[in-house]
Amino acid sequence: MSGGHEISPTARALLALEAIQNAPGITAQRLGERLGVTERAARRYVAILREAGLPIDSVTGPYGGYQVGRGMRLPPLTFSAAEAAGLVMAVLEGHRAAADPTDLVGGALGKIIRVLPARVAGLVRPIRDVRGSVNEAGVPYARGVDGLSVPPVSHELTGVLFDACAAGRRLRLCYRLRSGDAEGDWVERDMEVDPWAVILRHSRWYLLCWSHSRDARRVLRVDRIASAAQLPDTFMPPPGLDPLRVLEEHLAQDWKFPVDVLIDAPPAEVAGWLPRSLGALSPAGDGQTRLLASTENPGWYAGQLAVLPYPFRVAESAPLRDALADLGRRLIAAGRGISA
């Protein structure tokens, strides 16, 4: 709580509320220590919260203290910028109508975005708007559904990354990579990056950035960042940057089997049927679309292509063509009411 500026009584009262919410049963003495004030002053801030109509209960006994009681209305909640942005992206990922302001969840999400700091809101609002304009129809994603447990990510580290994105400050990272030897041990490398955006996708956190160490755009997994420190250098992200599009195109590449599909429909129509994480769409002439990607599971990928209402041809790869042929035989057998 130390610093070069005074904290107003209102701000201290809100900090007291946050401390009580985070540590139910906190004593007046501990609350005072958290706020950097005396025990008597801490009790005064609790009184201010009660006067404002917040249900702050006192629990008696040797283990007693303050806790937020249950009332008719939800008490005010306080989030860090990183927590609020993470909540927004998690809801967008898990609830298809979350981008719709007329939806119950979408309306609540809009309230959170409206009270975020301007630069943090600028990071998450485009993600909401993009999700609202793309019909993903519940289609599974090309990556992040591998059945493996997702490594935990430090809240403190995520906060540092969000703050650097919002402030446009360069970062020095220590990043863990697999070594190229036969054992495949982990090694740590230092790198300096301009952090453009932090994105939650498929239950994993990613950092989209420009690496000055590699002089290239990079997508880094946040759970592999060992440490991050802000540097005095500042930057501006590329104009018109669409972090979600860049991430999803990245996640669709570098798998075992290449994908090259020609679809008899323009990209704008195809985009309404395939999630962007399935690959990169580009015009192919004569109103056609070319889909370039890769996959680890041709059978799964064949099922995603099967939703298309347009004719298409697979140029690559042979395993994907075989998977589509097998899927076609099974669908024909199902239509005849026989087992494939």
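The values are calculated or read from the model by the stated rules, or taken from the named source; none is laboratory data. Just so it is clear, the model here is predicted, and its values are computed rather than measured. For neighbour counting, all protein chains shown are included, and Cβ atoms are generated from backbone atoms with ideal geometry for every residue, glycine included. What goes into the accessible areas is simple: the full protein's heavy atoms, side chains included, and nothing from ligands, DNA or RNA. Shrake-Rupley method; radii C 1.70, N 1.55, O 1.52, S 1.80 Å.
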From the list R321, R290, exactly one residue is over 29 Å from the mean Cα position of the chain (by Cα), over 30 Å from A167 (Cα atoms) and of a type in the set (K, R). Which is it?
R321
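So that you can scan it fast, the table gives a plain yes or no per residue for (1) open to solvent by less than 60 Å² (accessible area, probe 1.4 Å); (2) at pLDDT below 75; (3) over 27 Å from N22 (Cβ atoms); (4) in a helix (DSSP H, G or I):
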position	(1), (2), (3), (4)
Q67	no, no, no, no
L74	no, yes, no, no
L77	no, yes, no, no
E93	yes, yes, no, yes
R114	no, no, no, yes
R119	no, yes, no, yes
R131	yes, yes, yes, yes
E136	yes, yes, yes, no
Exactly one condition in (1) closer than 27 Å to H155 by Cα; (2) modelled with pLDDT under 80; (3) surrounded by fewer than 14 Cβ atoms within 10 Å (Cβ to Cβ) is not met by Q29; state its number.
(2)
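Which residue out of L31, L15, L49 is closer than 14 Å to V68 by Cα and touching a strand residue (DSSP E or B) at 6+ places or on another chain (Cβ under 6 Å)?
Result: L49 is the single residue among L31, L15, L49 that is closer than 14 Å to V68 by Cα and touching a strand residue (DSSP E or B) at 6+ places or on another chain (Cβ under 6 Å).
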Would you call V105 in a helix (DSSP H, G or I) and at pLDDT 75 or above?
yes
Between a residue in region 314-332 that is surrounded by 12 or more Cβ atoms within 10 Å (Cβ to Cβ) and any residue that is in a strand (DSSP E or B) and of a type in the set (D, E, K, R), which pairs come within a Cβ distance under 6 Å, given they are 6 or more apart or on different chains?
A315/D260; E316/D260
Pairs please, first residue from region 214-241 and under 14 Å from M191 (Cα atoms) and of a type in the set (A, V, I, L, M), second anywhere and assigned to a helix (DSSP H, G or I) and open to solvent by 50 Å² or more (accessible area, probe 1.4 Å), Cβ atoms under 8 Å, 6+ apart in sequence or on different chains.
V219/H250
